[in-house]
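The values are calculated or read from the model by the stated rules, or taken from the named source; none is laboratory data. Here the structure is a predicted model, which means the values were calculated and not measured. Cβ placement follows ideal geometry from the backbone for every residue including glycine, while neighbour counts extend to all protein chains displayed.
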Amino acid sequence: MAVNFKMTNVVCESYNRSWFVFHNCRLKAISRDKVIFNANATVLHPANSIQIHGKVYKRENGFKPWLIDTKIDACRFMRGKYNPVAKIVYSLFQTFSNINHTCPYVGPQIVQGFYLKPELLLLPFPTGQYMLALRWFFDQKLQFDTNVSFLFEEDFSKSK
């Protein structure tokens, strides 16, 4: 079975530019089947308390909530990977990023050349369009959102 797993859109928005600034947040088509994601942002002050609220939406006449809705303490997660959903998402982009240490976070935060590898996705997804919406809170205050839309297709005609 062949799998098509491709990012289709990304939206990054900072709500507090005195603490977190996006310099770059975009997708780039490398080939017909491969799209990479590049993000470059700066945390202007040390962040020692980071919570992430992650939701997955499935497109069904607009995006509707779909199965996954989780909140994690990012600083605790980086010390010990305790949340299975976050562990899967983190494993997808870990090698493409400098976001691989414990708190505090300060300075440049970079994701470079990230593309989706279907073999790393450990959850069964039905074919469809999805959006991973991440809301980032520093000291319980919303700082920024990152929303990544992607297409997941299983092509059973290419099965062995």
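Taken over the stretch 82-92, residues that are assigned to a helix (DSSP H, G or I) and free of Cβ contacts under 8 Å to residues at least 24 places away in the same chain amount to 3. When every residue of the stretch 62-73 is checked against the conditions, none turns out to be in contact (Cβ under 8 Å) with a residue 24 or more places away in the chain and touching a Gly at 6+ places or on another chain (Cβ under 6 Å). Restricted to the stretch 1-29, and to residues there that are of a type outside the set (S, T, N, Q) and not in a strand (DSSP E or B), the residue that is surrounded by the fewest Cβ atoms within 10 Å (Cβ to Cβ) is M1. Looking across the stretch 109-124, the residues that are assigned to a loop (DSSP other than H, G, I, E, B), surrounded by 14 or more Cβ atoms within 10 Å (Cβ to Cβ) and modelled with pLDDT of 70 or more come down to Y115, L116.
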